[in-house]
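Step one of this worksheet: look at the structure below.
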Amino acid sequence: MSSSAVSSSVLARVVFGLLVLSTIGAFFLTQRLKRAPPPVKRIVVSRYIAPRTNATTRIASISFTLPKADNVTVSVVTPNDDEVRRLLDDRHLDAGVHDFTWNGRDSSGQLPADGSYFVRIVLHGQGRAVTSPKPVKLVTKPPAARILSVAPARVGGGLPITVRFRGPLAAAPAFTVYRTDDGPAHAVARFSGTPGDHQAVWDGRVGGRPAPSGLYTFAVTVESPALIKGTWPAKLPPTAGSTVPGTGVTISGPAAAGPLEAVRAGSTATIQLTGARGRVRWTLRRAGAGTTARGVGAAPYVRVPVPARAATGVYEVNAGAAAYPLAIQGRASSPVLLVLPALTWQALNPIDADADGFADTLRNMGSVPLDRPFAFGREPAGFESQVAPLAAFLDAHHLRYDVTTDIALARNTGPKPSAYRAVVLAGSEPWSNAGLGDQLRGYVAAGGHLALFGAGDFRRTVALNGDRVALGGAAAPATPLGDRTSASSSEAAPLVVASDDAGLFSQTSGFVGLFTDFEQTDSLPAGATVIAAAGRVPDHPAFVAYRLGRGLVARVGTAQWSGSLANDAQVADVTTRLWSLLSR
């Protein structure tokens with residue numbers, strides 16, 4: 001055997017022996033350390049720290065006990081033992097209890113990522129380090145929450161409404177009820193849930209009384225164990241885009257749907273009721289007059305026989321506390337056709353079809369059904385302020401007319417404008433389909449007379465497809481006739497007469513009415529000849545009458561005109577003279 005082989009064998013045995021000795025030594029050292037008292041006792045840390053709150057959790061408390069004095073370093077570290085913040089650097093601490101706080105910031109003053117952080121205590125004299133057995137959980141984000149459902153989606157009022165939600169249950173959830181149908185969403189009631197329960201109940205009351213008819217949506221505020229509050233929707237008050245279907249409620253009594261075109265005297269009008277059952281009493285009343293007929297029907301379809309001798313006019317059916325406007329054409333005929341804005345009524349009808357707590361109108365949905373009941377059983381927008389006052393005035397002054405609706409004109413059913421000397425639009429008509437615009441333009445060009453008792457007329461094109469209406473494009477800069485107008489408002493002020501070749505203002509003082517909203521004329525169609533004008537700005541009249549080719553056009557220039565007829569003698573006189581001019 002060579003000497004090199006012997007040397008290698010001896011070396012291997014020596015190395016092995018050293019390893020055995022070191023292993024035995026480490027074993028005895030470990031056993032000794034296990035039997036030795038711990039260098040740090042009773043390490044207690046806050047469970048959570050939420051630096052962005054004003055709650056007690058904005059600061060983390062740290063406490064530990066040293067059995068004996070030592071030079072100590074205290075640090076906040078990640079689960080991987082990476083130091084985030086040094087709270088104490090190699091300082092002498094006596095034996096006993098020591099308290100520290102951590103504000104949740106790292107060494108550069110920034111907030112580290114949400115997560116678990118530990119406290120590491122290094123004892124330099126003993127050459128040992130101890131890490132807290134439990135972490136501090138850093139939380140900066142609000143807890144996630146969401147309302148899942150609200151049931152029932154429609155109630156008659158005074159019933160409990162159940163709200164189901166998702167979110168932490170560390171504390172009782174808080175709910176806010178917002179009403180949305182009478183302006184921007186605003187809080188009207190608050191109630192609380194129960195800790196540990198993802199379901200809460202609103203008693204349906206506002207200010208101690210049953211909530212009035214309207215649209216309501218909900219917000220929930222939850223609190224995490226870190227005492228951070230979170231809301232759903234994230235931004236309050238809620239908007240139509242921040243809620244989801246099924247999270248709102250409609251509070252309403254019965255609501256009515258019915259004919260969207262004029263019905264003949266002697267026929268039967270069918271009124272469909274939502275939210276009513278059994279026998280229902282109904283009345284038929286002409287605008288500004290007494291009851292024409294009454295009877296009893298059975299919901300949901302109430303049949304209203306129209307008397308054969310009923311005069312042409314604008315009527316209201318009241319059935320089961322729900323109101324519905326009805327155009328009735330009597331036996332007599334007239335050279336003037338009054339057109340009711342049924343399309344506008346449905347376009348602005350504040351029905352919440354998807355139960356998100358916000359109205360689904362043509363403006364925000366782009367497409368709506370035409371056969372919807374009028375919300376809350378009320379008359380549609382503009383009926384009581386524009387249409388009914390005008391019809392009542394005409395009836396009281398024996399100014400005769402036939403009646404139809406803009407939907408009938410758009411569908412090319414019922415009376416045709418070409419059969420009449422004048423066509424009068426009884427309310428604001430922001431929307432029209434291309435066919436209706438073409439009809440009226442051709443009608444005026446052929447010598448017809450057109451009067452508009454409203455504002456914002458025919459700026460948006462819509463398409464009628466069966467029982468639905470859909471927006472057809474952006475707002476046009478001018479009406480189908482070529483007028484360009486712009487809306488304005490002011491403190492209550494009269495229209496100042498600027499010119500009057502037609503004698504419409506001959507019995508006035510030169511100042512007519514008191515109005516706050518105006519539709520000012522920016523320009524007229526090419527070839528128009530003004531015969532009367534009045535407004536707030538001389539060069540931009542609101543009320544304007546002009547001849548266009550063989551025809552005549554008149555715009556009163558404010559949606560408030562008809563509402564002034566009953567109590568303003570000068571507005572009434574101008575209207576009577578205008579009607580006479582239209583009828584010639």
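Readers should treat all values here as calculations from the given coordinates under stated rules, not as data from a laboratory. This is a predicted model, so every value here is computed, not measured. Here Cβ is always computed from backbone atoms with ideal geometry, including for glycine, and neighbour counts include all displayed protein chains.
Give the Rg/Rh ratio for the range 110-195, taking Rg as the radius of gyration of the Cα atoms and Rh as the Kirkwood radius, to two decimals. We get a ratio of 1.29 for the range 110-195. Against the chain, whose longest principal axis is taken from its Cα atoms, helix 569-583 shows a tilt of about 70°. Evaluated with a Cβ-only charge set (Lys, Arg +1; Asp, Glu -1), the chain carries a dipole of roughly 2080 debye about its Cα centre, given to the nearest 20. Per-residue extension of 0.36 nm, minus the Cα-Cα distance of HIS124 and VAL97, leaves a gain of 7.9 nm for this segment.
Tally Lys/Arg at +1 and Asp/Glu at -1 over every other residue whose Cβ is under 15 Å from the Cβ of ALA200; what's the total?
Values: positive: ARG146, ARG164, ARG166, ARG190, ARG205; negative: ASP197, ASP203, GLU223.
Overall, the nearby charge balance is +2.
For PRO173, the shell of other residues with beta-carbons less than 13 Å away shows a net charge of +3, using +1 for Lys and Arg and -1 for Asp and Glu.
Packing, as the average of other Cβ atoms within 10 Å across residues, places the peptides 279-286, 557-564 in the order 557-564, 279-286, highest first. Rounded to the nearest 0.05, what FRET efficiency do ARG205 and ARG279 give with R0 = 30 Å and r taken as the Cβ-Cβ distance? Could you check? Once the sixth-power term is evaluated, E becomes 0.50. Against the longest principal axis of the chain, how steep is helix 3-35, in degrees 0 to 90 to the nearest 10, with axes from Cα atoms? In the chain, helix 3-35 runs at an angle near 70 degrees to the longest axis.
Inter-label distance, ALA434 to ALA298: 4.8 nm, where each label sits 7 Å from its Cα along the C-beta direction.
What is the order of LYS41, LYS235, LYS416, fewest Cβ neighbours within 10 Å to most? Let's see the in-between values first.
On the way: LYS41 12, LYS235 9, LYS416 15.
Listing LYS41, LYS235, LYS416 from fewest to most nearby Cβ atoms yields LYS235, LYS41, LYS416.
Against the chain, whose longest principal axis comes from its Cα atoms, helix 434-445 is set at around 30 degrees.
Which of rounded, prolate or oblate describes the range 421-468 when judged by the alpha-carbon gyration tensor and an a/c cut-off of 1.5? Oblate, because a/c is 1.5 or more while a/b does not exceed b/c. Shape class for the range 146-251, computed from the alpha carbon gyration tensor (a ≥ b ≥ c): prolate, with a/c not under 1.5 and a/b above b/c. The lysine pair tally for the chain, using Cα distances under 16 Å and a gap of 8 or more places or different chains, is 4.
Rg then Dmax, both in Å and based on the Cα atoms of the range 41-138: 13.0, 40. Rounded to 0.05, the FRET efficiency of the SER149 and SER385 pair, given R0 = 35 Å and the Cβ-Cβ distance, is 0.40.
Listed from fewest to most Cβ neighbours within 10 Å, the set ILE147, ILE531 follows the order ILE531, ILE147. Modelled this way, with points 7 Å down the Cα-to-C-beta line, the labels at ALA572 and ALA332 are 2.0 nm from one another.
Quick check: residue separation of ASP114 and VAL537 times 0.36 nm, minus the Cα distance between them. What number comes out in nm?
Here the answer is 146.1 nm.
Past the 22 angstrom mark, what percentage of all C-alpha to C-alpha distances in the range 255-332 do you count? Beyond 22 Å sits 14 percent of the P(r) for the range 255-332. With a/c under 1.5 counting as rounded, go ahead and sort the range 308-467 into rounded, prolate or oblate using the C-alpha gyration tensor (a ≥ b ≥ c being the square roots of the eigenvalues; past the cut-off, prolate if a/b is larger than b/c, else oblate). Verdict is oblate for the range 308-467. Once the Cβ-Cβ distance of SER583 and LYS235 is raised to the sixth power relative to R0 = 56 Å, the FRET efficiency obtained is 0.50. By the helix-only formula, in which each DSSP H run with n ≥ 4 contributes -39500 (n - 2.57) and the sum is divided by residues, the chain has a 222 nm mean residue ellipticity of -4500 deg cm²/dmol. A straight chain from ARG47 to LEU514 at 0.36 nm per residue would run longer than the Cα-Cα distance by 161.4 nm.
Evaluated at q = 0.09 Å⁻¹, the base-10 log of the normalised Debye intensity for the chain, with identical point scatterers placed on the Cα atoms, takes the values -0.81.
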